[in-house]
C-alpha cells in the first residue's frame with residue numbers, strides 16, 4: 001500500500017472532516033450540518049426531526065417489504081460543566097462514558113453559546129504522598145480557563161455547557177505496517193459509522209442502486225447518554241429492522257482480533273440481538289470478501305439494543321470495525337473500515353429477509 005495520504009484516502013479524508021466538528025451529546029448540530037452538506041451535494045434531501053436526528057428515506061424494490069433502519073450516532077463522549085468556581089475554573093462531570101484516566105491532563109474545547117473557550121484539565125500535583133496509587137474521580141478534576149466568571153458568562157459558558165478534547169489533537173494518525181496500517185484517533189465512536197453510511201449513500205447514488213427493503217438511513221443524536229435520538233426515531237417510524245453501525249470494543253476476554261474483519265454484536269447488557277440477522281449479515285460479509293467476528297458484551301449497549309429493549313423494533317443488529325482503547329484514543333485496522341462499507345453495500349442491495 002505504501003505511504004497513505006490522509007487527504008486523499010476516501011475513508012480518512014471524510015473522517016478527518018467530521019472529526020473537526022465537536023459533537024458532544026446534545027450539541028451535534030455542527031456535525032449534522034457537515035453531514036447534511038455532503039448528502040445534499042450527492043442529490044439527497046435529508047430531513048431533520050425535532051430532537052436533531054438527520055435521515056434519508058430510500059425507496060425499496062419491494063414496496064411491501066418491512067422498513068429497515070440503518071443508524072449511526074453523531075454524538076461523542078465528553079464532559080459537562082457542573083459549576084463555575086470563583087477563580088474561573090470549571091467543575092465537570094462526564095457526558096457519556098468518559099473517565100478521567102482515559103483523557104488525562106490536556107486541552108479541552110468548552111462549547112459556549114457565544115464562543116468556544118479553550119481550557120486545560122487539571123488533576124492536581126503529583127508531588128504528594130500516595131500519588132502513584134491514587135484513583136481519580138471527576139469530583140477531583142477541574143478545567144483551568146484563565147477567565148473570570150464574568151468572562152465565561154459572556155462566552156455563554158454555564159452549568160450544562162459541554163466540552164471535548166481540542167480538535168487539533170484528535171488525529172487521525174497512521175502507524176505500524178504500511179501495507180496494512182493501524183489508525184489512531186480520539187474516538188472513532190461513532191463517526192466511522194457515520195462515514196460508512198455516508199459512503200453507502202454516495203455509492204447508491206453514483207451506481208443507481210436500490211435496496212430491496214424500504215430503508216431509512218439515519219444519523220442519530222444522544223446515543224452516548226441512553227440512545228435518546230434513536231428511541232425517538234424508532235417510536236415515530238416503527239421500523240421492523242433496526243441495524244446500528246457502530247464499533248466493537250475489545251474488553252478483556254473477548255475473542256476479537258484487531259485485524260481487517262469487522263465485529264458483530266451477539267448480546268450486550270440490554271438484549272440478545274436477532275440471530276437470523278447476524279447470520280445474514282455474516283453471509284453478506286462473506287459475499288463481500290470478508291468475515292464478521294461475533295462478540296458478547298457484559299457492559300455495553302448500542303442504539304439497536306436500546307431501541308429493542310424499548311419495543312421500538314422487532315429485529316435488531318449491530319456491527320462495525322473492531323477498536324482497541326474504547327472511549328479513549330482508539331485504534332483500529334484501516335482495512336476494517338472498507339470491509340464494513342462493503343458489507344453494507346452487499347447487504348442492503350441483496351438481502352430480502
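The values are calculated or read from the model by the stated rules, or taken from the named source; none is laboratory data. If you're wondering where the values come from, they're calculated on a predicted model, not measured in any experiment. For neighbour counting, all protein chains shown are included, and Cβ atoms are generated from backbone atoms with ideal geometry for every residue, glycine included.
See the values below:
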| read-out | value |
| --- | --- |
| Any hit, region 346-353, residues being closer than 26 Å to residue 75 by Cα, modelled with pLDDT of 95 or more, over 19 Å from the mean Cα position of the chain (by Cα) and not in a strand (DSSP E or B) | yes |
| Residue check, residue 301 under 15 Å from residue 268 (Cα atoms) and outside any helix (DSSP H, G or I) | yes |
| Index of the failed condition, residue 115 passing every other in (1) farther than 23 Å from residue 221 by Cβ; (2) at pLDDT 95 or above; (3) loosely packed, with under 15 Cβ neighbours inside 10 Å | (1) |
| Some residue of region 140-149 being farther than 14 Å from residue 85 by Cα and more than 25 Å from the chain's Cα centre (by Cα) | no |
| Checking residue 150 against (1) in contact with a strand residue (DSSP E or B) (Cβ under 9 Å, 6 or more places away or on another chain); (2) assigned to a helix (DSSP H, G or I), the condition it does not meet | (1) |
| Any hit, region 7-14, residues being part of a strand (DSSP E or B) and buried (at least 21 other Cβ atoms within 10 Å of the Cβ) | no |
| Residue in region 32-47 that is more than 30 Å from residue 160 (Cβ to Cβ), assigned to a loop (DSSP other than H, G, I, E, B), touching a strand residue (DSSP E or B) at 6+ places or on another chain (Cβ under 6 Å) and not assigned by TED's automatic domain parsing to the domain that holds residue 143 present | yes |
| Given (1) loosely packed, with under 14 Cβ neighbours inside 10 Å; (2) modelled with pLDDT under 95; (3) within 30 Å of residue 320 (Cα to Cα), number of the condition residue 126 does not satisfy | (3) |
| Enumeration of residues in region 288-297 that are surrounded by fewer than 19 Cβ atoms within 10 Å (Cβ to Cβ) and in a loop (DSSP other than H, G, I, E, B) | 289, 291 |
| Any hit, region 97-111, residues being touching a strand residue (DSSP E or B) at 6+ places or on another chain (Cβ under 6 Å), without any contact (Cβ under 8 Å) to a residue 24 or more places away in the chain and closer than 20 Å to residue 185 by Cβ | yes |
| Residues located in region 150-174, provided they are within 22 Å of the chain's Cα centre (by Cα) and either surrounded by fewer than 16 Cβ atoms within 10 Å (Cβ to Cβ) or without any contact (Cβ under 8 Å) to a residue 12 or more places away in the chain (or both) | 160, 167, 168, 169, 173 |
| Checking residue 108 against (1) modelled with pLDDT of 95 or more; (2) assigned to a loop (DSSP other than H, G, I, E, B), the condition it does not meet | (2) |
| Wholly within region 181-287, strands (runs of 3 or more DSSP E) carrying at least 3 residues that are touching a helix residue (DSSP H, G or I) at 6+ places or on another chain (Cβ under 8 Å), within 13 Å of residue 340 (Cβ to Cβ) and in contact (Cβ under 8 Å) with a residue 12 or more places away in the chain | 241-245 |
| Selected residue [over 23 Å from the mean Cα position of the chain (by Cα) and closer than 28 Å to residue 14 by Cβ] from 40, 59 | 59 |
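Each row is one residue, and each column tells you yes or no for (1) closer than 25 Å to residue 157 by Cα; (2) part of a loop (DSSP other than H, G, I, E, B).
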| residue | (1), (2) |
| --- | --- |
| 60 | no, yes |
| 98 | yes, yes |
| 101 | yes, no |
| 114 | yes, yes |
| 129 | no, yes |
